[in-house]
1. Looking at this structure, is residue 170 in contact (Cβ under 8 Å) with a residue 40 or more places away in the chain, open to solvent by less than 90 Å² (accessible area, probe 1.4 Å), part of a loop (DSSP other than H, G, I, E, B) and under 30 Å from residue 106 (Cα atoms)?
2. Filter region 1-48 down to the residues that are in a strand (DSSP E or B) and among the hydroxyl-bearing types (Ser, Thr, Tyr), then identify the one that is most open to solvent (accessible area, probe 1.4 Å).
3. So in region 92-113, with the set limited to residues that are modelled with pLDDT under 85 and under 19 Å from the mean Cα position of the chain (by Cα), which one is most open to solvent (accessible area, probe 1.4 Å)?
4. Name the residues in region 49-74 that are outside any helix (DSSP H, G or I) and over 20 Å from residue 103 (Cα atoms), would you?
5. Exactly one of (1) within 21 Å of residue 123 (Cβ to Cβ); (2) exposed (fewer than 15 other Cβ atoms within 10 Å of the Cβ); (3) modelled with pLDDT of 90 or more is unmet by residue 83. Its number?
6. Checking the structure you have, find out if any residue of region 127-134 is at pLDDT below 95, in a loop (DSSP other than H, G, I, E, B), within 29 Å of residue 27 (Cα to Cα) and not polar (S, T, N, Q).
7. With respect to the numbered conditions (1) touching a Cys at 6+ places or on another chain (Cβ under 8 Å); (2) surrounded by fewer than 16 Cβ atoms within 10 Å (Cβ to Cβ), which one is the sole condition not fulfilled by residue 125?
Amino acid sequence: MSVPLSLDVSQAHPRLSELTVVDVRTPAEFASGHLPDAVNVPLDRLTRSLPELRSAAEHGPLLVVCASGARSENAAGTLVSRGIPASSLTGGTQAWTAEGHVLDYPDYPDGSRKRAVWAMERQVRFTAGVGVLLGLALGLLLHPALALLSAAIGGGLVFSALTRTCGMAVVLGRLPFNRRGAGSHP
């Protein structure tokens, strides 16, 4: 079955019941709000989950979701290249809520929502910014060669943009606060 590589919210919403929604954000991001009936398969676990995702796709195409659509676009491309019908939600959960659709939240015994974790893109921007400032400060205060830390981070950001991958996001995704609140798997 051929499916488009991406669907916008107006295309995905009416078809939600026939799609298996796969959220590729970290478990903590997933717990901070996700599309109804979504399953959480973090991007760094996507390849390991291919057999389960292939099985889930037998019931209908997969709709891959993240916060903004960037990670889900990469994940959908990976799935399609492995013969699994998948589409990415253009704009991610941000576009979903901007169109007025609700997100589901985990049911906590006390009825509360836990503190939301920053989106991965925000975590990467913060970490890169701190690293650049730290490199500049160390270069000025201790040794000029330490300013190369800032250059290395800048180079990493350029590489990330050109390859549409992000090593810093992979590392940050493995931190404990990004692992809490894991959702279900297909």
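The values are calculated or read from the model by the stated rules, or taken from the named source; none is laboratory data. Here the structure is a predicted model, which means the values were calculated and not measured. Cβ coordinates were reconstructed from backbone atoms using ideal geometry, including for glycine residues, and neighbour counts include every protein chain displayed. Just the protein is used for accessible areas: all its heavy atoms, side chains included, with ligands, DNA and RNA removed. Shrake-Rupley method; radii C 1.70, N 1.55, O 1.52, S 1.80 Å.
1. no
2. Per the stated criteria, the residue is 6.
3. 105
4. 58, 59, 60, 61
5. Result: residue 83 fails condition (1) only.
6. Among the residues of region 127-134, not one is at pLDDT below 95, in a loop (DSSP other than H, G, I, E, B), within 29 Å of residue 27 (Cα to Cα) and not polar (S, T, N, Q), which makes the answer no.
7. (1)
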